[in-house]
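Below is one structure; the comments refer to it alone.
The values are calculated or read from the model by the stated rules, or taken from the named source; none is laboratory data. Here the structure is a predicted model, which means the values were calculated and not measured. Virtual Cβ from ideal backbone geometry, glycine too; neighbours counted across all protein chains shown. Note: areas computed on protein heavy atoms with side chains; ligands, DNA, RNA excluded. Shrake-Rupley method; radii C 1.70, N 1.55, O 1.52, S 1.80 Å.
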Amino acid sequence: MPYDQMCAAWLDALRRAGRADILAIETSCDETAAAVIRDGRAILSNIVSTQIPIHARYGGVVPEVASRAHVEAVNAAVDQALEGARLRLNDIDAIAVTNGPGLVGALLVGVSTAKALAFASSKPLIAVHHMEAHISAAYLAYDDLEPPFLCLTVSGGHTALIETTASGESRALGRTLDDAAGEAFDKAARVLGLPYPGGPALDELAERGNPSSLALPRAKTPGAYDFSFSGLKTAFIQLERKGALAGVSHEDAAAAFREAVTDMLAVKTIRAAKAGGYHTVAVVGGVAANKGLRARMARECGANGLRLCVPPVPLCTDNAAMVGAAAFRRITSGKAAGSLSLNAEPAGYIV
Ligand code: KG4
Ligand code: ZN
């Protein structure tokens, strides 16, 4: 029987069994990652090989360099993930991979590797959306978490408020109209002369600064739950050009910028949670690592009687464990699909 037909049958058998050890691969941007996840909740291994030192000298991710670095690192990452889980490829029940959105060359390395492993070992292949994976990180961190919940999804490429309904469907209530929150952090960090990736460095500076030291704008958007960061970014750049940042310490400037971003994110998230009658709010994606955002969300959720689920930092930034968790949800909900014709979808598809 052709592989694709077998794949559908294998996935159906896993859905009926309700359990699976999944080998997951993530190469959408600048982390080469592989992990083994049991039943969508237990992390048997989680290997992340970062390319940050490679891209740092260019001040940002260079797509061609990223693809090449993924090719060099992906097989070792898979081997280490299997070793860490004390399993062989044959023991694995399915192979999951992020196929979009992201850098096309980078995605293709993961997709080709997953297809080759799946075909060679006669295992089903499961394609996973990168943002769906970020949301699924919350299931790994909170054993009892089940939909419905509202999820603030904030990364270097995306910013959206996504509701996961009781039936497990995802729907965006709002999204950024321009830059992603991580992009805004990275650009502001560059203004302050911080090295790539700027977000974490700006966050550290902000810890020691006074957020009231600078008046920065908060964007108004036509959609109640949309976001916009380009006005804030431009205002920050203009202040620097006019020399207005010269009289303010880097710590204070960073704290004011972080306050403006977290303010916009937190206010709309809490408003949407209350309007939608949610009891649980999750915050996921690279920017969920931000200390200011974590503290602000903890405060606001506490004050509003909402349960806050924020994964530990290594599960917020890119990793493959979250891909395995998402793939398991796809299996149990009958939405898992894989085919040897699977391709990278760099622009992504609707969650
Ligand atoms: O989710 P992620 O690892 O990759 C994407 O899917 O984009 O997110 C990376 C983004 C980068 O923009 C990075 O600067 C930002 O997350 N980031 C942070 C922090 N840690 C990572 N931004 C602000 N504060 C942090 N602590
Ligand atoms: Zn990501």
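Only a single criterion out of (1) crowded, with 24+ Cβ neighbours inside 10 Å; (2) in contact with a Phe, Trp or Tyr (Cβ under 9 Å, 6 or more places away or on another chain) is not satisfied by residue 56, namely (1). Note on the range 246-280: residues that are over 15 Å from residue 212 (Cβ atoms), out of contact with any Phe, Trp or Tyr (no Cβ under 7 Å at 6 or more places or on another chain) and open to solvent by 20 Å² or more (accessible area, probe 1.4 Å) total 9. The number of residues in the range 74-108 that are out of contact with any Asp or Glu (no Cβ under 8 Å at 6 or more places or on another chain), in a helix (DSSP H, G or I) and open to solvent by less than 30 Å² (accessible area, probe 1.4 Å) comes to 5. Filtering the range 148-177 to residues that are of a type outside the set (Phe, Trp, Tyr), more than 16 Å from the chain's Cα centre (by Cα) and surrounded by 18 or more Cβ atoms within 10 Å (Cβ to Cβ) leaves 173, 174.
Report yes if residue 123 is charged (D, E, K, R), surrounded by 19 or more Cβ atoms within 10 Å (Cβ to Cβ) and assigned to a loop (DSSP other than H, G, I, E, B), otherwise no. Against the criterion (charged (D, E, K, R), surrounded by 19 or more Cβ atoms within 10 Å (Cβ to Cβ) and assigned to a loop (DSSP other than H, G, I, E, B)), residue 123 qualifies. Tell me yes or no: at least one residue of the range 228-245 is under 30 Å from residue 166 (Cα atoms) and open to solvent by less than 40 Å² (accessible area, probe 1.4 Å). Yes, the range 228-245 has at least one match. Within the range 144-151, can one find any residue that is closer than 25 Å to residue 283 by Cα, assigned by TED's automatic domain parsing to the domain that holds residue 301 and within 16 Å of ligand 2 (Cβ to nearest atom)? Yes: the range 144-151 contains one or more residues that are closer than 25 Å to residue 283 by Cα, assigned by TED's automatic domain parsing to the domain that holds residue 301 and within 16 Å of ligand 2 (Cβ to nearest atom).
For the range 23-49, the set of residues classified as more than 16 Å from ligand 1 (Cβ to nearest atom) and open to solvent by 20 Å² or more (accessible area, probe 1.4 Å) consists of 38, 39, 41, 42, 43, 44, listed by residue number.
Looking only at the range 313-351, residues that are basic (Lys, Arg), surrounded by fewer than 24 Cβ atoms within 10 Å (Cβ to Cβ) and in contact (Cβ under 8 Å) with a residue 12 or more places away in the chain come to 1 in all. When residues in the range 284-309 are screened for being out of contact with any Asp or Glu (no Cβ under 6 Å at 6 or more places or on another chain), within 12 Å of ligand 1 (Cβ to nearest atom) and either under 30 Å from residue 114 (Cβ atoms) or among the polar types (S, T, N, Q) (or both), 6 of them pass.
Within the range 133-143, the residues that satisfy the criterion of being in contact with a strand residue (DSSP E or B) (Cβ under 8 Å, 6 or more places away or on another chain) and either within 16 Å of ligand 2 (Cβ to nearest atom) or basic (Lys, Arg) (or both) are 133, 134, 135, 137, 138, 140, 141.
One line per residue, one yes/no per condition, for (1) of a type in the set (Val, Ile, Thr); (2) touching a strand residue (DSSP E or B) at 6+ places or on another chain (Cβ under 9 Å):
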{"position": "28", "(1), (2)": "no, yes"}
{"position": "31", "(1), (2)": "no, yes"}
{"position": "41", "(1), (2)": "no, no"}
{"position": "48", "(1), (2)": "yes, yes"}
{"position": "51", "(1), (2)": "no, yes"}
{"position": "57", "(1), (2)": "no, no"}
{"position": "82", "(1), (2)": "no, yes"}
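Does the range 187-225 hold any residues that are open to solvent by less than 60 Å² (accessible area, probe 1.4 Å) and near ligand 1 (Cβ under 8 Å from one of its atoms), and which are they? If the condition is that a residue be open to solvent by less than 60 Å² (accessible area, probe 1.4 Å) and near ligand 1 (Cβ under 8 Å from one of its atoms), then 189, 197, 198, 199, 202, 203 are the ones that fit. For the range 292-304, a residue qualifies if it is touching a residue at least 24 places away in the same chain (Cβ under 8 Å) and either more than 22 Å from residue 202 (Cα to Cα) or open to solvent by 30 Å² or more (accessible area, probe 1.4 Å) (or both), and the qualifying residues are 300, 301, 304. Specify the residue that is nearest to residue 200 (Cα to Cα); the eligible residues are those in the range 275-291 that are away from ligand 2 (no atom under 16 Å from the Cβ) and among the β-branched types (Val, Ile, Thr). Only one residue tops the list, namely 281.
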